[in-house]
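Notes follow once the structure below has been shown.
The values are calculated or read from the model by the stated rules, or taken from the named source; none is laboratory data. Just so we're clear, the structure is a prediction, and the values are computed from it rather than from any experiment. Positions of Cβ are backbone-derived with ideal geometry, glycine not excepted, and every protein chain shown enters the neighbour counts. These accessible areas exclude ligands, DNA and RNA; they are computed on the full protein's heavy atoms, side chains included. Shrake-Rupley method; radii C 1.70, N 1.55, O 1.52, S 1.80 Å.
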Amino acid sequence: MPTTDRKKRRKGSDTAVQGTNDSSVVSKASAAAQGYFRDPFIQHFLCKVARRAPLINRGYFVRSRAVDHCVRQFLRITAKCSKRQILSLGAGFDSLYFRLHAEGVLDGTTVFEVDFPDVAQRKAALVACNVTLRGMLDSTLPPHSGPIYISSSQYRMLGVDVRGESQVEEALGAAGLDWTAPTLILSEVVLTYMETQWSDAVISWAAKLLPQSLFVIYEQIQPEDPFGRVMQDHFLKLNSALHALQQYPDLSAQRRRFLDKGWDHCVCLDMNDFYLGLLSQEERDRMESLEPFDEHEEWHGKCSHYFILTASRGALMEQALLPQASVSPVPSIGPSWTSTRLNVRTVPVCLEGLGLASNWIRPEVVLLTGGSSRGGRMTETRSLIRGQEGWRSIGVEASADLGVRLYHTITCLPGGGAVVYGGRSSPLRPTCDLFKVKFDPSGPPSAAQSQCPDAEKLRVEPINCTGNPPPPRWRHTAAVVSHRGRDFLFVFGGKNQSESVLGDSSFLSLDQRHWTEIPVEGAAPAARHSHSACSYQGGVVVFGGLSREGVPLGDTSLLMPTERGFHWERIAVQPPPVPRYSHCAHVVGDRLVVVGGVWMHSDGVPGVVIISLTMCSSMEFRLDTSSVPWPLMLHSFCSELMDTGEPELLLIGGGGNCFSFGTHLNPQPVSVDLRPALG
């Protein structure tokens, strides 16, 4: 590429990278305005505070707390030093200096900020015309001279490209940086926008020039899983590619990078480990109570794709590192992958949805209820019909409105039909009603046979129950169990607007339509939501879920019928399956087939785990998605076991918001060939 073209391309990329500052400051201001953290100064760097979605606010909360943790640790370790420095690379419109100055914790400290000249000039102008900000500088702003745009005894702002090592060294020296003083180097999503030759150079010269320093980075990782692919595409569209991801895609690569570039020690954590391990339960509870929230999968996905890193030079700075080992309560169980991959193929039907429910309502017909799509929450009931010419999706004419609901259950009944229970229209509006649904027998026996799409009619009958009903809920499970020759709908777990996690069990007599008290012995599984429960030998098998502490679970429990009632029994599976939630499960003989979900592990995404309920063993299988042309996100989806003569799964819907990078919904169902796993 000619030199002129390269310069134009780099200039365009630099401009796009500068634009990320403007987006970031709006999100920081939104989180501060909603009480996620205290920052009364960020509002002065934008025209108007705009409210972001709760997921964005949470993301910027954990970013702020991670960086703040490292800054406080540095200030604590260097409290007795007569001179210390904070060097913020690509600082943008960050308000760090003003916050620390207002708290009175900058004794003996000078804050240096470096960013592109255009950004530095804009920030200097904002500071100069704002009484509050200008009043926190102890000298008048000098006329613009060289790269120094603001010069105060404790605050210097420089406009210089950090990729130019000699220019940066010269500018910082002229601004008064002491190369021997303890120095904290901050880089929040900055180095990754540079080509790795430049970001590596920055890391190297910092280690060389600052022998008593702590380097702190907050950046992205894990580019190749479905979330990571959406993340990469987002930044490519913005012309601000994440260069570091290709060469340094995970925590171990990032750690080796700093050690290879001259740093003595390096510790890094992804944001799930930071959030669960280094923030108190009190702080997490406070944050989680600020706004209604039900995007757990997206939250953990965001946190698994960002990390906080600390690297040290010198004995003093080693004390400021993050904890050497992960302090997260998430069990450090890695998947024991088999060498076999299970083939995934797309099903040529256009159908998407999140939080919907499905079940075989009739041979060859899967009923789909509720959920949401790009167009919003869905009210239309649909069906997937398998005919001789393949699958097709049609609308279903229901005799009564099932209403808007997500994360509900639809459970097939032994005598035909199904029960729709629970769900929510929003995190503030759970539903507690029950409906019995059944295809109208007066219609044709099969729309697949009649080829008459308008012929399918669904009879919807509200179920009015007696007894003491359980509280409203969503993200629960419901399965049919048997006791003394009678069938009951067993409802377990979930969450609602007042309880983040439920751990109760309820039994609905299906013939008497009465919520019934049945004795249950043994230690019940911990409270959870987004788990699975499948009918098994008159009882039920429960697996996984998300705990009250927000930690994925990997336990397997059986609720088995006894003469008096039921008994809980926990199965000690070896090797233990990786904890996960938002998955689907099916019983095939004496084996539990678990597919998809979310886990907090860096080794790929969940595929299929086969749990033998008699041998108490498990095997993890990756999915071969090479024939699927789009990222396959297997959470907030539903799954059906197909009776085609060969063991096969039909996976419907799934996806979610990928932080601020956009929403991905699987546009078509897919099938998974289970033959290699089940034999």
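Within region 257-293, if we keep just the residues that are among the acidic types (Asp, Glu) and surrounded by fewer than 24 Cβ atoms within 10 Å (Cβ to Cβ), the residue that is nearest to residue 37 (Cα to Cα) turns out to be 283. Counting only residues that are part of a strand (DSSP E or B), over 30 Å from residue 644 (Cα atoms) and open to solvent by less than 30 Å² (accessible area, probe 1.4 Å), how many does region 375-405 have? Looking only at that region, the number is 1. Determine, yes or no, whether residue 313 is more than 19 Å from residue 64 (Cβ to Cβ), open to solvent by 20 Å² or more (accessible area, probe 1.4 Å), of a type outside the set (A, V, I, L, M, F, W, C) and touching an Asp or Glu at 6+ places or on another chain (Cβ under 7 Å). For residue 313, the condition - more than 19 Å from residue 64 (Cβ to Cβ), open to solvent by 20 Å² or more (accessible area, probe 1.4 Å), of a type outside the set (A, V, I, L, M, F, W, C) and touching an Asp or Glu at 6+ places or on another chain (Cβ under 7 Å) - is met. Once region 79-102 is narrowed to residues that are free of Cβ contacts under 8 Å to residues at least 40 places away in the same chain and within 21 Å of residue 210 (Cα to Cα), the residue that is least open to solvent (accessible area, probe 1.4 Å) is 79. Annotation note: Cβ proximity below 9 Å between a residue of region 30-49 that is on the phi > 0 side of the Ramachandran plot and a residue that is among the aromatic types (Phe, Trp, Tyr) (sequence gap 6+ or interchain) occurs for no pair.
Within region 597-620, identify whether any single residue is more than 25 Å from residue 249 (Cβ to Cβ), within 20 Å of the chain's Cα centre (by Cα) and not small (Gly, Ala, Ser), and answer yes or no. Within region 597-620, not a single residue is more than 25 Å from residue 249 (Cβ to Cβ), within 20 Å of the chain's Cα centre (by Cα) and not small (Gly, Ala, Ser). Filtering region 184-217 to residues that are assigned to a helix (DSSP H, G or I) and within 15 Å of residue 314 (Cβ to Cβ) leaves 206, 207, 208, 209.
One residue stands out among those in region 359-371 that are part of a strand (DSSP E or B) and open to solvent by less than 20 Å² (accessible area, probe 1.4 Å): the one that is modelled with the lowest pLDDT, which is 365.
Hey, does region 566-586 have a residue that's open to solvent by 10 Å² or more (accessible area, probe 1.4 Å), of a type in the set (Asp, Glu) and not in a strand (DSSP E or B)? Checking region 566-586: not a single residue is open to solvent by 10 Å² or more (accessible area, probe 1.4 Å), of a type in the set (Asp, Glu) and not in a strand (DSSP E or B). Counted as qualifying within region 86-171 are the helices (runs of 4 or more DSSP H) with 1 or more residues that are in contact with a Lys or Arg (Cβ under 9 Å, 6 or more places away or on another chain), namely 96-103, 117-128. One residue alone among 491, 480 is in contact with a Pro (Cβ under 8 Å, 6 or more places away or on another chain) and either under 17 Å from residue 537 (Cβ atoms) or at pLDDT below 95 (or both), and that residue is 480. Of the residues screened, residue 557 is not one that is in a strand (DSSP E or B), open to solvent by 20 Å² or more (accessible area, probe 1.4 Å) and not hydrophobic (A, V, I, L, M, F, W, C).
Candidates 627, 639: the one that is open to solvent by 20 Å² or more (accessible area, probe 1.4 Å) and in contact (Cβ under 8 Å) with a residue 12 or more places away in the chain is 627. Of the residues in region 406-428, how many are within 25 Å of the chain's Cα centre (by Cα) and surrounded by fewer than 16 Cβ atoms within 10 Å (Cβ to Cβ)? So the answer is 2.
Residues of region 248-269 that are assigned to a helix (DSSP H, G or I) and small (Gly, Ala, Ser): 252, 253. Here the condition is being assigned to a helix (DSSP H, G or I), at pLDDT 95 or above and open to solvent by 60 Å² or more (accessible area, probe 1.4 Å); of 63, 76, 6, 58, it holds for 76 alone. Of the residues examined, residue 342 is one that is over 15 Å from residue 669 (Cα atoms), in contact with a Phe, Trp or Tyr (Cβ under 9 Å, 6 or more places away or on another chain) and open to solvent by less than 10 Å² (accessible area, probe 1.4 Å). The set of residues in region 345-357 being in a strand (DSSP E or B) and open to solvent by less than 50 Å² (accessible area, probe 1.4 Å) consists of 346, 354, 357.
Looking at this structure, is residue 544 in contact with a Ser or Thr (Cβ under 7 Å, 6 or more places away or on another chain), in contact (Cβ under 8 Å) with a residue 12 or more places away in the chain and either open to solvent by 20 Å² or more (accessible area, probe 1.4 Å) or part of a strand (DSSP E or B) (or both)? Spell out how you get there, then give the answer.
Working: in contact with a Ser or Thr (Cβ under 7 Å, 6 or more places away or on another chain): yes; in contact (Cβ under 8 Å) with a residue 12 or more places away in the chain: yes; either open to solvent by 20 Å² or more (accessible area, probe 1.4 Å) or part of a strand (DSSP E or B) (or both): yes.
Judged against the criteria, residue 544 is a match.
Go through region 650-679 and give me each residue that's more than 25 Å from the chain's Cα centre (by Cα) and either in a strand (DSSP E or B) or surrounded by fewer than 23 Cβ atoms within 10 Å (Cβ to Cβ) (or both).
If the condition is that a residue be more than 25 Å from the chain's Cα centre (by Cα) and either in a strand (DSSP E or B) or surrounded by fewer than 23 Cβ atoms within 10 Å (Cβ to Cβ) (or both), then 673, 675, 676, 677, 678, 679 are the ones that fit.
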